[in-house]
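Working notes, structure below.
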Amino acid sequence: MRKPLVAGNWKMNGSLESNRKLLEALVSGLNTQAEVLVCPPAVYAHSVLEQLAGTAVKVGLQNVSDKTSGAFTGEISPLMVKDLGIEYVIIGHSERRAIYGETDEQVAAKFCALVDAGIAPILCVGETLEERQAGDTMKVVAAQVEAVLRTAGPERLANFVIAYEPVWAIGTGLTATPEQAQEVHAAIRTLLAEHDEAMAAKTRILYGGSMKAANAVELIALPDVDGGLVGGASLVAEEFQAICHAAG
Ligand code: PGA
């Protein structure tokens, strides 16, 4: 059985004060069997880790370098992330791909660097509205997943998460219908199974894109949806808590 994972992607939001209040409200009354993760901006990772010590809520990050150390101004090494005790890092988010020009190759390099450092990547994939309308959804998503599987090789595929995030649903209030989400999630799992059936059966595939309390129950109930990657709603304690409760 795959344990549901609900991950909050705070993006570039928050302050010491607002983070403290958000986490205080989130932790109080949180009662779920799901694994719960918050991904603050890296600069706040340490204070968030301190506040969450002794709770069931884990801390992840939103991006990482594919290099381990050296003259890479402004970058954060997977080894530093590991040093903090962090278990998960989001990579290949559509905002990184679209705004900062990250390629499939760079995302694959980050995937390998994380796994080699003992951290589980949360690999984001998803199609734009134009790609969906052109009937290319699976072609795009498969290419994004394949680029990583090919580069990583079988030995690096023991512990990772995929987040299917249709770009047209991110931050727009539009959510994939349950049918749309299940169709792509199942296709991703089939693709994984072509590489390794046991890996496909245990790898969690999260849905992301305007997930909120009101739609989380039916999305997470889908057979191939194993939780959520939540942006906007993760900044509202009651909403995020409700999504966690919907997950188990
Ligand atoms: P959203 O963002 O929930 O605000 O749509 C999701 C994401 O970008 O991970």
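The values are calculated or read from the model by the stated rules, or taken from the named source; none is laboratory data. In this text the structure is predicted, and so the values were computed from the model without any measurement. Cβ sites come from the backbone with ideal geometry, for glycine too, and all protein chains shown count toward neighbours.
For ILE170, state whether it is β-branched (Val, Ile, Thr) and either farther than 25 Å from SER47 by Cα or out of contact with any strand residue (DSSP E or B) (no Cβ under 7 Å at 6 or more places or on another chain) (or both).
Values: β-branched (Val, Ile, Thr): yes; either farther than 25 Å from SER47 by Cα or out of contact with any strand residue (DSSP E or B) (no Cβ under 7 Å at 6 or more places or on another chain) (or both): yes.
Judged against the criteria, ILE170 is a match.
Yes or no: the range 171-178 includes at least one residue that is outside any loop (DSSP other than H, G, I, E, B) and more than 19 Å from VAL36 (Cβ to Cβ). Yes - at least one qualifying residue is present in the range 171-178. Listed by first and then second residue, the pairs linking a residue in the range 161-190 that is in contact (Cβ under 8 Å) with a residue 60 or more places away in the chain to a residue that is within 16 Å of the ligand (Cβ to nearest atom) and among the polar types (S, T, N, Q), with Cβ atoms under 6 Å apart and 6 or more places separating them unless they lie on different chains, are VAL167/SER94; VAL167/THR128. Summed over the range 48-68, the residues that are in contact (Cβ under 8 Å) with a residue 24 or more places away in the chain and closer than 16 Å to LYS82 by Cα give a count of 13. Applying a threshold of 6 Å to beta carbon distances and a minimum spacing of six or more residues, or different chains, the list of pairs starting in the range 193-214 at a residue that is touching a residue at least 12 places away in the same chain (Cβ under 8 Å) and more than 15 Å from VAL141 (Cβ to Cβ) and ending at one that is acidic (Asp, Glu) and within 13 Å of the ligand (Cβ to nearest atom) reads LYS212/GLU239; ALA213/GLU239. The condition (being within 30 Å of ASP66 (Cβ to Cβ), touching a His at 6+ places or on another chain (Cβ under 8 Å) and assigned to a helix (DSSP H, G or I)) is satisfied by just one residue among LEU191, LEU149: LEU149. Among the residues of the range 63-83, those that are of a type in the set (S, T, N, Q) and either closer than 17 Å to ALA108 by Cβ or under 21 Å from the mean Cα position of the chain (by Cα) (or both) comprise ASN63, SER65, THR68, SER77.
If I filter the range 215-225 for residues that are closer than 24 Å to ARG96 by Cα and without any contact (Cβ under 8 Å) to a residue 60 or more places away in the chain, do I get at least one hit?
Scanning the range 215-225, I find at least one residue that is closer than 24 Å to ARG96 by Cα and without any contact (Cβ under 8 Å) to a residue 60 or more places away in the chain, so the answer is yes.
Of all residues in the range 1-15, those that are more than 15 Å from VAL38 (Cβ to Cβ) have Cβ atoms under 6 Å from Cβ atoms of residues that are outside any strand (DSSP E or B) and more than 14 Å from the ligand (Cβ to nearest atom), 6 or more apart or on another chain, in ARG2/ASP226; PRO4/ALA34; PRO4/ASP226; PRO4/ALA247; PRO4/GLY248.
So that you can scan it fast, the table gives a plain yes or no per residue for (1) among the acidic types (Asp, Glu); (2) at pLDDT 95 or above; (3) farther than 30 Å from SER28 by Cα; (4) not in a loop (DSSP other than H, G, I, E, B):
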site: GLY60; (1), (2), (3), (4): no, yes, no, yes
site: ASP66; (1), (2), (3), (4): yes, yes, yes, no
site: VAL81; (1), (2), (3), (4): no, yes, no, yes
site: VAL115; (1), (2), (3), (4): no, yes, yes, yes
site: GLU131; (1), (2), (3), (4): yes, yes, yes, yes
